[in-house]
Structures are given as C-alpha cells and as structure tokens.
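Student: Input: one structure, supplied below.
The values are calculated or read from the model by the stated rules, or taken from the named source; none is laboratory data. None of these values were measured; they are calculated from a predicted model. Cβ: placed from backbone, ideal geometry, glycine included. Neighbour counts: every protein chain shown. Heads up: the accessible areas ignore ligands, DNA and RNA and are worked out on the full protein's heavy atoms, side chains in. Shrake-Rupley method; radii C 1.70, N 1.55, O 1.52, S 1.80 Å.
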Amino acid sequence: MCCLPFNTGHYYLVDAGYTNGNGYLAPHRGQRYHINIWRQGHRLTSEEEFFNMKHSTARNCIERSFGVLKILFTILRSPSYYPKRTQCRIVSACCLLHNLIKREMPNDPIEHEYQRGNGHITTMSMLMITLVS
C-alpha cells in the first residue's frame, strides 16, 4: 500500500483490492458493492451492504469528477513523473480552473457531452476540499 499522507478523521476511499488500514477505507468483502445493483431495485439486507452502497456512490462520484478533469486537461491523461507535491498542485489547479469555467460558463458543452454518456456530474467543490485539506 502506498504511503499517502492523511489527516486524522479523513480517509482515502479504496477499492476491494486494499484492506482497511489507518487512513484507508475499503468496502466490506463478501457483500454486494457496485452501484448498478441497487439501481436495479435490489433491497439492502445488512448494514454492511448499506455501507458498501454509500462507499460505491462516493467512489463513483470521484471517478466521474476525474473523468471530467481528464477530458478538459490533457496533463491528467498520462502518467506523471512530477514529485507528489507537484502532482497534487496540478490536480488542485485543474479543479480551480474547472470551477472557474463552471462559474463563467454554466453550460459547458464538453461537460454536457460527458453527462449524456455517464449520468449527472457534481461540481469539483467537494473534491477540491478533500485535496486542499
């Protein structure tokens, strides 16, 4: 597991390939996980499934947000060899620029096209708070 810094009370949402550890929050194993399962009308049967549904929803939102950023900013499309601190600054700058674009041009045609294919996209504000804190 990589050694990413985190603040007490904050967690990195990780997939089932990771284990729960200090600062890492993985879904419960052996329980339904993917958001499409609940969209098909399946009922929750346990607290673990409820947790997994919320975990999946949050990860899905984050992945969609990065999808939009990758469409807008080519620097995010390929592996980065910059130091970790620089990589964090690049992502933060992309989020700030995205929010500026959203404020000045609420009907962004690129984002509109992405929404048509993948559902609703939330703003980068929550992602930005996570990256800065």
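Student: Tell me, which residue of the stretch 101-133 that is among the charged types (D, E, K, R), at pLDDT below 80 and open to solvent by less than 90 Å² (accessible area, probe 1.4 Å) is nearest to the chain's Cα centre (by Cα)?
Tutor: GLU111
Student: Pull up the stretch 53-100, narrow it to residues that are β-branched (Val, Ile, Thr), modelled with pLDDT under 90 and closer than 30 Å to HIS28 by Cα, then point me to the one that is surrounded by the fewest Cβ atoms within 10 Å (Cβ to Cβ).
Tutor: Selected residue: THR57.
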